[in-house]
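Read the structure below first, then the notes.
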Amino acid sequence: MWPIDLQASSTVVTAVKEVNPCKAVSSVKYYDITGMESNKPFDGVNIVVTRYSDGTFTTSKVLR
């Protein structure tokens, strides 16, 4: 095993400081590679857009 060298002056994160419980999923939309939108995933490549209650969104590519 390789030795681990931690500097005493460096900050080591050991826990989550804050969790935002107000962020909930408000909608999920699926798009195929031609841009067609659906509430259900397409066969093949999907671009998934997840919108949250605070107005933010995430995107991901999924192969089904």
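Of all residues in the stretch 1-25, those that are farther than 29 Å from residue 48 by Cα have Cβ atoms under 7 Å from Cβ atoms of residues that are modelled with pLDDT of 65 or more and assigned to a loop (DSSP other than H, G, I, E, B), 6 or more apart or on another chain, in 6/12.
If you go through the stretch 46-55 and keep only what is modelled with pLDDT under 95 and surrounded by 10 or more Cβ atoms within 10 Å (Cβ to Cβ), you end up with 52, 53, 54. If you go through the stretch 5-38 and pick out every residue that is assigned to a loop (DSSP other than H, G, I, E, B) and modelled with pLDDT of 85 or more, you end up with 6.
The values are calculated or read from the model by the stated rules, or taken from the named source; none is laboratory data. Please read these numbers as outputs of a predicted model, since none were measured by experiment. Cβ atoms come from the backbone with ideal geometry, glycine included; neighbour counts cover every protein chain shown.
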